[in-house]
Amino acid sequence: MTLKPQDTPLVSLAGLHSRALDELGLAICAGELAAGSSLTLEEIEERCGISRSVARETVRVLESMRLVVSRRRIGVVVLPESEWNLYDPQVIRWRLDSPDRAEQLSAMVELRAAIEPEAARLAATRATAKEVSALIALSGELWAAGEQGDDDRFLELDVQFHALILRLSGNAMFSRLDGLIGQVLVSRTEHGLVPDRPADVALQLHVDVAGAIQRRDPDAAYGIMRSILVAALDEIDILSVAAERGSLPEESR
């Protein structure tokens, strides 16, 4: 028997909405609800155990992400992937929770490889002395967290580090990609597509790209950042294959 909101007083409407959104969003991104398939509001209520008002709000959010569209006399229709807002952090998370997560993650790191080296190059010419000082300090904290094996702190600082370089590029469009890149970094960790301990070379490269920006050397900043992302792609490939085989390579344990 499906429980309705009135049967679960301890669950807030916000919590019900979030749960329903996750359930439907993941079902769409994983292909369980294929493009062209449709659901009525009644079916959504029954499937997710929610009220009509929560179902409508959930559909509204999915429509804003271009995952679905409401059509009269048909219902809520799932749109093809070509229509989705692939830059929405929640869509990114759902796609990375799908069975083809490694392929999705590789595509997103390829996008990063096209953007972040250029952001680092621009930062070397545009960032103020105060901003560069903050980046240098952050790179030192990131290196220390990696050396100490503080995984949670390392991830938090890594997200901040890459977001800061995007901002220091002085390009507002680059800066708006911070949520996408942050979600990619978080999802890599959540799905075990990172080594148990960051490689010493990777730690040093983060320090080095900050140093290149400090020296106002745009070519070096570009090259080092690209090296970081090429290494990330290689890690994803190695760890994805290892996960499929049920074992991890020694350096990733």
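Each reported figure results from applying straightforward, stated rules to the coordinates on display, with no laboratory input. Computed from a predicted model, the values in this text were never measured in an experiment. Using ideal geometry, Cβ is built from the backbone for each residue, glycine included, and neighbour counts are taken over all protein chains shown.
Sort D178, D100 so that the residue with the fewest other Cβ atoms within 10 Å of its own Cβ comes first and the one with the most comes last. Numbers along the way, then the final one.
Working: D178 18, D100 14.
Least to most surrounded, the residues fall as D100, D178.
Could you work out the relative contact order of segment 89-252? I mean the mean sequence separation of Cα pairs under 8 Å and 6+ apart, divided by the number of residues, in percent.
Working: 200 pairs, mean separation 57.8, N = 164.
This gives 35 percent for segment 89-252.
At a Förster radius of 25 Å, what calculated FRET efficiency corresponds to the Cβ-Cβ distance of S51 and T189, to the nearest 0.05? Walk me through the intermediate numbers first.
On the way: r = 35 Å, r/R0 = 1.42.
Approximately 0.10, to the nearest 0.05.
Placing +1 at every Lys and Arg Cβ and -1 at every Asp and Glu Cβ, with all other atoms neutral, what dipole size does the chain have around its Cα centre, in debye to the nearest 20? Please report the intermediate quantities before stating the final value.
Working: 27 positive and 40 negative charges, 223 e Å.
That gives the chain a dipole magnitude of about 1080 debye.
Describe numerically, in nm with one decimal, the distance between label points set 7 Å from Cα along Cα→Cβ at E32 and at R19.
The answer from the label model is 1.4 nm.
Show me the ranking of peptides 163-171, 131-139 by mean Cβ neighbours inside 10 Å, starting with the highest. Spell out each step's value before the answer.
Numbers: 163-171: 21.1, 131-139: 17.1.
The packing order, highest mean first, is 163-171, 131-139.
If each of R60 and E103 carries a label point 7 Å out from its Cα toward its Cβ, how far apart are those two points in nm?
3.5 nm
Taking the Cα atoms only, what angle lies between the long axis of helix 178-190 and the longest principal axis of the chain, rounded to 10 degrees?
80 degrees
What is the distance in Å between the Cα centres of segment 17-89 and segment 123-159?
Here the two parts' Cα centres lie 39 Å apart.
Mind giving me the FRET efficiency for D150 and R216? R0 is 41 Å, r the Cβ-Cβ distance, nearest 0.05 is fine. Before the final figure, lay out the partial values.
Numbers: r = 31 Å, r/R0 = 0.77.
So the FRET efficiency works out to roughly 0.85.
Label points 7 Å out from Cα along the Cβ direction at T125 and V201: separation in nm?
Here the answer is 3.0 nm between the modelled labels.
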